[in-house]
Structures are given as C-alpha cells and as structure tokens.
Amino acid sequence: MEATACLHHRLVWIHPFANGNGHWARIMADAYLAKIDPDIFLDWSGGGTLNAESAHWSAYIAALRAADQHDFEPLVALVQSLAR
C-alpha cells in the first residue's frame, strides 16, 4: 500500500495536465495496485463522494500536502483506509 500511495503522490506532484491530475493519478495508482494485488480495490471516494465540500476531500488534500513535505504517513494511512 505504501508504494501505491507514493506513486499516487508523485503522479499528482508531477502535474502533467492543466486539470485532472488527481483523476489521472488515482487511475494510475489503481492500475498499479491491480498488477500487484488484483484482490484489493481502492474506494477513493471514501464510501461517499470525493468533492471539494467533503471532509474526505479535506483529509485527502491534507495527506497530499503532508507528502509534499516528505511525511507520507497520512497518505499511506488514507490509502490503507480506502482498501476494500
């Protein structure tokens, strides 16, 4: 799970698109994880919705910002909590 979280962060950080970087990074993290362990599914919505008004979105953004500062624990914990 840690490698998936780090891959996701790096893809968001690279920021190759003007818009949609999070969507693309989540898809790529899912594809990576499917190769590593096809039995695990990440529910990026956190069981609800992943939009700017949700508490889950705030936690997701905070975890990405912590990873920007080389603190990957919050992002790894978030990704682990999303695994189904």
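Throughout, read-outs are computed from the coordinates displayed, never taken from laboratory work. Small disclaimer: the values here were computed from a predicted structure and weren't measured. Positions of Cβ are backbone-derived with ideal geometry, glycine not excepted, and every protein chain shown enters the neighbour counts.
Which number do you get for Rg(Cα) / (2.2 N^0.38 Å) in the chain?
1.00
At what distance in nm do the modelled label points of ALA62 and ASP30 sit from each other, each positioned 7 Å from its Cα along Cα→Cβ?
Output for this residue pair reads 2.6 nm.
Which whole DSSP H helices in the chain pass both tests: a Cα extent of 24 Å or more along the axis and a mean Kyte-Doolittle value no lower than -0.5?
none
Among HIS15, THR49, ALA59, which residue has its Cα positioned farthest towards the positive end of the charge dipole of region 2-82, with +1 placed on the Cβ of Lys and Arg, -1 on the Cβ of Asp and Glu, and the dipole taken about the Cα centre?
In region 2-82, that residue is HIS15.
Okay, helix-only estimate at 222 nm for the chain: each DSSP H run of n ≥ 4 adds -39500 (n - 2.57), divide by all residues, round to 500 deg cm²/dmol; what do you get?
Per the formula, -20000 deg cm²/dmol.
Sort out for me the Cα centre separation of region 40-84 from region 1-38, rounded to whole Å.
A separation of 12 Å, based on Cα centres.
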